[in-house]
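The values are calculated or read from the model by the stated rules, or taken from the named source; none is laboratory data. No experiment lies behind these values; they were computed from the predicted model shown. Cβ sites come from the backbone with ideal geometry, for glycine too, and all protein chains shown count toward neighbours. Surface areas here come from the heavy atoms of the whole protein model, side chains and all, with no ligands, DNA or RNA. Shrake-Rupley method; radii C 1.70, N 1.55, O 1.52, S 1.80 Å.
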Amino acid sequence: MVLGKDGIVMKRGLLTGILIALFSVMGALLPQAAAEAATPVEKWGQLSVSGANIVNEAGKKVQLKGVSTHGIAWFPQYVNSSCFQSFRKMGVNTIRLAFYSDPSAGYSESLYSKVEEGVKAATDLGMYVIIDWHILSDGNPKTHQKQALKFFTHFAKKYGSQKNILYEICNEPNGNVTWQGDIRPYANKVIKRIRQYDENNIIIVGTPTWSQDVDIAAQKPLKQKNIVYTLHFYAATHTDYIRQKLVTARKMGLPVLVSEFNICDASGNGQISKSSGTKWMKLLKKYKIGHVAWNVSNKAETSALIKSSCQKTGGFTKKNLSKTGRFIAKWWKK
Ligand code: IDC
């Protein structure tokens with residue numbers, strides 16, 4: 001009986017010993033595993049703007065690295081979790097959902113649900129997501145201001161309490177449009193509306209001349225908190241002259257985000273310039289300015305990040321990337 005009892009005690013002791021050993025091994029491994037598995041949003045939390053920088057919840061400067069969808073009316077098939085996840089694996093922390101605002105480019109309220117699918121996929125993956133009101137052929141943001149207010153009311157109401165959302169309120173103002181006369185008044189209205197429902201998340205504001213004139217915006221920035229200003233470049237077309245605008249704006253203390261770029265020419269097709277592209281990427285790295293590459297599709301154009309021969313809509317590896325995609329992907333890891 002005693003022996004039997006001892007036997008049980010011994011077994012218990014052995015079991016306890018094994019469990020303790022197991023837990024201590026797991027304990028040593030877990031923090032590392034958790035750190036490796038942490039998503040971008042788990043790592044950085046709520047973003048905000050401090051001086052000329054985007055900072056994380058702990059107040060440290062961070063560099064957003066993103067990819068933009070093509071127009072979601074044209075390439076909705078890439079708005080899915082497997083697609084976003086494969087870019088996350090390559091070092092991307094931000095997805096931009098391009099919602100064209102002009103009917104000629106597929107504007108339709110029925111696409112709100114596509115934006116919601118995209119936000120959900122990005123959120124579940126712990127990625128940041130930019131909801132982009134993609135004005136382009138409708139050059140002046142005031143042209144569709146009413147629709148823009150409706151759009152941002154809808155999404156700010158829905159996502160105001162999530163910390164991974166950014167709103168881009170006018171992709172590329174162009175034509176006879178000025179900062180003071182058109183963009184600034186438009187931005188004041190839209191920002192006021194978004195802030196009714198979302199007090200904190202970053203709002204990205206386009207600048208004149210297809211979002212190149214950050215130096216002009218820097219002369220009279222908006223007064224609200226957590227605002228950044230857009231500079232877009234297509235490296236084969238936009239060279240030192242536009243890089244200088246970025247340097248000027250930075251020196252004036254303006255927070256800038258490159259919410260769209262590629263290394264091809266401004267048409268989105270045609271030649272690419274790796275040398276100008278390298279100059280741009282080095283400059284962005286120096287200032288820790290975030291960048292979002294145009295575009296996730298396999299369209300037969302040089303700005304497409306996926307090879308046109310690739311028919312997949314997710315699960316991409318570097319091999320599936322186009323020439324521009326492969327060049328840009330190197331900078332997601334740097
Ligand atoms: C381009 C697309 C192209 C599409 C065209 C018109 O790459 O397939 O036919 O728009 O909608 C921008 C715009 C972006 C453009 C891109 C390339 O923000 O919508 O995409 N570009 O022209 N600004 C500068 C270049």
Looking at the structure I just gave you, is SER68 under 22 Å from PRO141 (Cβ atoms), surrounded by fewer than 16 Cβ atoms within 10 Å (Cβ to Cβ), modelled with pLDDT of 95 or more and of a type outside the set (A, V, I, L, M)? no
Just wondering, is there one or more residues in segment 150-159 that are within 16 Å of ALA98 (Cα to Cα), open to solvent by 10 Å² or more (accessible area, probe 1.4 Å) and of a type in the set (Ser, Thr, Tyr)? no
Scan of segment 63-99 for residues that are within 11 Å of the ligand (Cβ to nearest atom), closer than 10 Å to VAL296 by Cβ and not polar (S, T, N, Q), ordered by number: HIS70, PHE75, ARG96, ALA98
Consider segment 163-202. How many of its residues are within 15 Å of the chain's Cα centre (by Cα), polar (S, T, N, Q) and more than 16 Å from the ligand (Cβ to nearest atom)? 2
May I ask you to list the residues in segment 149-168 that are of a type in the set (D, E, K, R) and in contact with a Ser or Thr (Cβ under 9 Å, 6 or more places away or on another chain)? GLU168
Checking the structure you have, find out if any residue of segment 282-289 is closer than 30 Å to SER50 by Cβ, open to solvent by 10 Å² or more (accessible area, probe 1.4 Å), touching a residue at least 60 places away in the same chain (Cβ under 8 Å) and assigned to a loop (DSSP other than H, G, I, E, B). yes
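So that you can scan it fast, the table gives a plain yes or no per residue for (1) within 22 Å of VAL92 (Cβ to Cβ); (2) within 16 Å of the ligand (Cβ to nearest atom):
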residue	(1), (2)
THR248	no, no
VAL258	yes, yes
ILE263	yes, yes
ASN295	yes, yes
ALA304	yes, yes
LYS319	yes, no
Any residue at all in segment 100-107 that's in contact with a strand residue (DSSP E or B) (Cβ under 6 Å, 6 or more places away or on another chain), aromatic (Phe, Trp, Tyr), modelled with pLDDT of 95 or more and within 11 Å of the ligand (Cβ to nearest atom)? yes
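Which of the helices (runs of 4 or more DSSP H) found entirely inside segment 161-250 contain at least 2 residues meeting this: closer than 26 Å to SER267 by Cα? Outline the logic, then answer.
Working: elements: 184-197, 208-211, 214-217.
Qualifying helices (runs of 4 or more DSSP H): 208-211, 214-217.
Listed here are the residues, each with its yes/no results for (1) out of contact with any Phe, Trp or Tyr (no Cβ under 8 Å at 6 or more places or on another chain); (2) open to solvent by 50 Å² or more (accessible area, probe 1.4 Å).
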| position | (1), (2) |
| --- | --- |
| GLN212 | no, no |
| ASN226 | yes, no |
| TYR234 | no, no |
| ASP240 | yes, yes |
| ARG243 | no, no |
| LYS251 | yes, yes |
| GLU260 | no, no |
| ALA266 | no, yes |
| GLN271 | yes, yes |
The condition of being more than 12 Å from the ligand (Cβ to nearest atom), of a type in the set (D, E, K, R) and farther than 21 Å from THR248 by Cβ holds, among LYS312, LYS285, only for LYS312
Only one residue in ILE165, ILE216 is in contact (Cβ under 8 Å) with a residue 24 or more places away in the chain, surrounded by 18 or more Cβ atoms within 10 Å (Cβ to Cβ) and within 17 Å of THR94 (Cβ to Cβ), so which one is that? ILE165
